[in-house]
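The values are calculated or read from the model by the stated rules, or taken from the named source; none is laboratory data. Worth saying up front: this structure is predicted, and the values here are computed from it rather than measured. Note that each Cβ is placed from the backbone with ideal geometry, even for glycine, and that neighbours are counted across all protein chains shown. SASA here: full protein model, heavy atoms, side chains in, ligands and nucleic acids out. Shrake-Rupley method; radii C 1.70, N 1.55, O 1.52, S 1.80 Å.
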Amino acid sequence: MRADSAGSRPRAAALDPRAPTRIRAAALAGLAVLAAIVPATLPSYWLTIATLALIYAIMAMGLNLLMGYTGLDSLGQAAFFGLGSYGLAILLVKDGVGWWSAALAAVVLGTAGAAVLGLIAVRLRGLYFLLVTLAMGQVLWGADYRWGTFTGGANGLELGGGRPSPWFYSDANFYYFTLGIFAAVAALVSLVIASPFGLTLRGIREREVRCQTLGYRTYIHKYVAFILAGVAAAVAGILNAAYNGIASPSDLSIDQSFTAMLMVILGGAGTMAGPVVGAVVMTALKYELSTLWVDYWPIILGVIYVLATVYLPNGIVTGAAGLLSRAGAPKRAVEQEPAGEGGPAAGGARGARDRRGPGPQWTVSPRPHAGGRQQGLR
Amino acid sequence: MLGGVSKAFGDLRVLTDIDLSVGAGQRVGIIGLNGAGKTTLFHVISGLEPPTRGRVVLFGREVTRTSPSGRAALGLSRTFQVTLLYPRLTVRENVEVALLGSTYRRYRLRLWRPLRTHGDLRTRSRELLETFGLWPLANVEVRHLSYGHQRQLEITLAIAVDPALLLLDEPTAGLSVAEMAAMRRLLASLPRHLTVLVVEHHLEVIFELVERVLVLHQGSIIMDGPPSAVRTDRQVQDLYFGAHAAAQVARQTGGGVLNADRRDEWTKGQADRREEWNRGH
Ligand SMILES: Nc1ncnc2c1ncn2[C@@H]1O[C@H](COP(=O)(O)OP(=O)(O)OP(=O)(O)O)[C@@H](O)[C@H]1O
Ligand SMILES: [Mg+2]
């Protein structure tokens, strides 16, 4: 996972959170330049893909806080994506609100939605959490059809343009606008990850019970992560509606949630770059493949899911970082990290892990009932 | 501390009418056979399992319905019999997660600033790791740590929150001889003002650490007294060397059928055990 040869390999460094800051900064600057010249160098078809990839990356980065860092797998991000897109559409079309106010209100709507639904969801864990988030998305999706006169039903709701001002109607300009928001969200997310709060999220992901016995009211932390993920999805929904000029039922569909989840898994959950890579790959695939087989996208999603789980269980980013570090350094040193104030490199830390053998026999009390049943607590 | 506490899992009665009161600064050992209910007792005290009946009082406060985190905030901390660490975080991150638990107010946290710029928190985690001899491993991910080091870290996390009452569930279980020596040093170095409850199968470890021993048998406290009294008690000896022994053999042979070489092994083991017991006197 760690590239200890990061110094000589900028690509690895960009993926590796522990690489020296200067190299990371250089890699980031390089990526920024690449992103900036997209409109000038790529045909408009690819500009569309790039814009959508950035929009989806915003949603995926938020979801990654929940999935990758807190350990809560949500299949309900479509709910907040849809609250963003429909919030914008309804306010613009039905209420004639100005674009920026409508967008702000839609963000607030998404946040409020996450705050309400989160109250229920974060009390649950694992499969139950997954199912409840799935249900939340489905309820909103159903509501969209039920109140069709208000939401446009199956036809969606056209925004009649839907971008803030004439300047944004140039696709290159809208791309830059999206890129700016993407950068802001990425900066915020990396701030959260590096903060003390980010560490507590990872602690909850690893062992929630231990966190509780150490004094964490873990549901508060999970609740905050849930809301942050919801806000990111709402922002993405707003941008998507503005870009496409329509809020459509597919915004709220299970496909949408599943796609977001897959971006995180495919790219690499629990890494900063993972969801971005996942969003780019998935968006490109979606557009390339669906021009060939329009109706097969759900099937393709399923196949990608299976392939990713089997061949890239930790995601592209983690896999690539692993490959690069292995190529760069024959013996992968687990213990290396340029620690802040010179943390020592440790030798001989591995190996003795399975030494639970029957030492002096009677002193060891083998636990026949330690397996399975109550493992989590003991 | 515990008043008439009972705990049942369905029909299985694990704890029956436990009354227990521990004074501040006391160190109490709890011994008993496998399945006696020792770990369950700790779960009830720390709030991970609600008692079926009875009350739990910590530091003069009724906490029977308080969450585990609420009890931790009062100054309770515990370790787990099966190591419960954060496997994909480094040793230092493990300690820092602990420090950010019930003691987070002691550090000037700035949520918008990266963790590594929080000087006082970093200093404290380093101090703790140095104290417990884990500093050389600070940047190793815990899943790559040896079992002995994991057990030490288990205690380090519990101590990091600066508790007033510490529950240790079999700190030496499964350790090698060398790891065992390190663990005994660590246990001996625990601050004196700390109230400690320790479950332990190694009698010599418990007798050198505590001033009071409880014997738990089938969910009841059958004996409560100073180590010297417990050590010489006939009933305890029988239990510990009779039933405990038989139970272990039964388990090792997969359900009670003794085969010849197993029996040899066992007889020898029991002789060693007797010897150790007598040396303890
Ligand atoms: N969650 C649970 N559900 C059902 N039965 C349980 C549960 N936890 C413990 N038990 C049962 O309660 C009894 C006491 O278990 P406990 O773990 O408290 O024993 P112990 O004294 O800690 O034993 P050991 O020395 O093996 O650690 C055992 O029979 C065990 O199988
Ligand atoms: Mg136990």
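Observations
- Counted charge near A:Leu157, where neighbours are those whose Cβ lies closer than 11 Å (Asp, Glu -1; Lys, Arg +1): -2
- The mean number of Cβ atoms from other chains found within 10 Å of a Cβ in peptide B:120-132 is 1, as a whole number.
- Around B:Tyr107: net Lys/Arg minus Asp/Glu count, Cβ-Cβ under 9 Å: +3
- FRET efficiency estimate (nearest 0.05) - Cβ-Cβ, B:Arg116 to A:Trp100, R0 35 angstrom: 0.40
- Residue mean of other protein chain beta carbons inside 10 Å, A:119-128: 0
- Accessible area per residue was computed with a 1.4 Å probe on protein heavy atoms; B:Glu96 scores about 0 Å².
- The largest accessible area among A:Tyr56, B:Tyr104, A:Tyr223, A:Tyr128 belongs to the first residue in A:Tyr128, B:Tyr104, A:Tyr223, A:Tyr56, and the rest follow in falling order (1.4 Å probe, all chains).
- 3J(HN,Hα) along the stretch A:77-86, derived from phi through the Karplus expression 6.51 cos²θ - 1.76 cosθ + 1.60 where θ = phi - 60°, amounts to 5, 4, 4, 7, 4, x, 4, x, 5, 5 Hz, with x in place of Gly and Pro.
- Backbone geometry of the stretch A:208-223 corresponds, through the Karplus equation with coefficients 6.51, -1.76 and 1.60 at θ = phi - 60°, to 3J(HN,Hα) couplings of 5, 4, 5, 4, 5, 6, 8, x, 7, 8, 5, 5, 5, 4, 5, 5 Hz, x marking Gly and Pro.
- Placing B:Ile221, B:Ile30, A:Ile90 in order of accessible area, with the largest value first and a 1.4 Å probe, yields B:Ile221, A:Ile90, B:Ile30.
- For B:Thr16, the residues whose amide H sits under 5 Å from its own are B:Lys7, B:Ser220, ignoring neighbours fewer than 5 places away on the same chain, with H placed 1.01 Å from N.
- Whole-percent P(r), the stretch B:83-162, all Cα pairs, 5 Å bins from 0: 3, 16, 30, 25, 16, 8, 2, 0.
- For the stretch B:83-162: relative contact order, % (alpha-carbon pairs under 8 angstrom, 6 or more apart): 52 percent
- The listed residues B:Phe59, A:Phe197, A:Phe80 rank as B:Phe59, A:Phe197, A:Phe80 when sorted by accessible area, largest first, using a 1.4 Å probe.
- Gyration tensor (alpha-carbon) shape descriptor, the stretch A:90-152, a/c threshold 1.5: oblate
- Within the full protein context, the accessible area of A:Lys94 is estimated at about 90 Å² for a probe radius of 1.4 Å.
- Counting Lys and Arg as +1 and Asp and Glu as -1 over every other residue whose Cβ lies under 15 Å from the Cβ of B:Arg55, the net charge comes to +1.
- Heavy-atom accessible area for B:Leu186, with the other protein chains in place and a 1.4 Å probe, reaches approximately 10 Å².
- Peptide B:94-100, shielding by other chains (average Cβ, 10 Å cutoff): 6
- For B:Val213, residues with placed amide H under 5 Å, excluding near neighbours: B:Gly29, B:Gly225
- Volume per residue of the convex hull around the Cα atoms, evaluated for the stretch A:37-253, comes out as 116 Å³.
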